[in-house]
1. Need the failing condition index for residue 10 against (1) assigned to a loop (DSSP other than H, G, I, E, B); (2) of a type in the set (A, V, I, L, M, F, W, C); (3) over 29 Å from residue 131 (Cβ atoms); (4) under 22 Å from the mean Cα position of the chain (by Cα), just the number.
2. May I ask you to list the residues in the range 76-88 that are outside any loop (DSSP other than H, G, I, E, B) and among the aromatic types (Phe, Trp, Tyr)?
3. Which members of the range 136-153 meet the condition of being farther than 25 Å from residue 56 by Cβ and in contact (Cβ under 8 Å) with a residue 24 or more places away in the chain?
4. Taking residue 101 as meeting all but one of (1) open to solvent by less than 50 Å² (accessible area, probe 1.4 Å); (2) without any contact (Cβ under 8 Å) to a residue 40 or more places away in the chain; (3) of a type outside the set (Phe, Trp, Tyr), write down the number of the exception.
5. If we keep just the residues of the range 34-54 that are outside any strand (DSSP E or B) and surrounded by 13 or more Cβ atoms within 10 Å (Cβ to Cβ), which is modelled with the highest pLDDT?
6. Could you tell me whether any residue of the range 55-69 is at negative phi, modelled with pLDDT under 90 and open to solvent by 90 Å² or more (accessible area, probe 1.4 Å)?
Amino acid sequence: MDDPFPETTVTRRGFLGLLAGSLAAALGAAAGSCGLAYFLSPAFSREKDEWVDIAGVDDIPLGAPTEVKFTQRRRDAWLVAEGLASTWVLTRDRAHFIAYDPHCTHLGCPYRWSRTRNEFLCPCHGGVFSMDGKVLAGPPPRPLDRYPTKVEAGRLLVIPLPARGMR
């Protein structure tokens, strides 16, 4: 009867070759997984909402919307880009602020404040909004989008990404 488990002899050269191959495979797997994790990590990391300091609270006039320009940083994976952005800010008491996204909710056109009519006007398709952002005329499907705001140490801060549904 044949032995189902025949004895095999491993030579020193064969053992060292097997050991070297195993070590090389382990090192390659470790290096490869670190490299893969480095390249894929931005795809899985959640972007934090960053507050941006846009103005001093005393710099915002009372009772009328004011356009405030600021520098906005956007991070896309490893790239950080800076650009000029703006918002329309309204306050009646310098304690509570409304910051509007500067784009019409119809097609994203920039709108302006009309002091004579006391309304926001979008020149592209005739959109008209009240001072509190409600649609008065034209095709916009919803009120103006607002940015979250907060006041810290006498400075107005916003998160300049449209926060849909914050009315």
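1. With (1) assigned to a loop (DSSP other than H, G, I, E, B); (2) of a type in the set (A, V, I, L, M, F, W, C); (3) over 29 Å from residue 131 (Cβ atoms); (4) under 22 Å from the mean Cα position of the chain (by Cα) applied to residue 10, the lone miss is (4).
2. Once the filter is applied, which keeps residues that are outside any loop (DSSP other than H, G, I, E, B) and among the aromatic types (Phe, Trp, Tyr), the range 76-88 yields only 88.
3. 138, 139, 140, 141, 142, 143, listed by residue number.
4. Evaluating residue 101 over (1) open to solvent by less than 50 Å² (accessible area, probe 1.4 Å); (2) without any contact (Cβ under 8 Å) to a residue 40 or more places away in the chain; (3) of a type outside the set (Phe, Trp, Tyr) leaves (2) as the failure.
5. 51
6. no
The values are calculated or read from the model by the stated rules, or taken from the named source; none is laboratory data. These numbers were taken from a predicted model, which means no experiment stands behind them. Note that we place each Cβ from the backbone using ideal geometry, even for glycine, and neighbour counts take in every protein chain shown. With ligands, DNA and RNA removed, areas are computed over all heavy atoms of the protein, side chains included. Shrake-Rupley method; radii C 1.70, N 1.55, O 1.52, S 1.80 Å.
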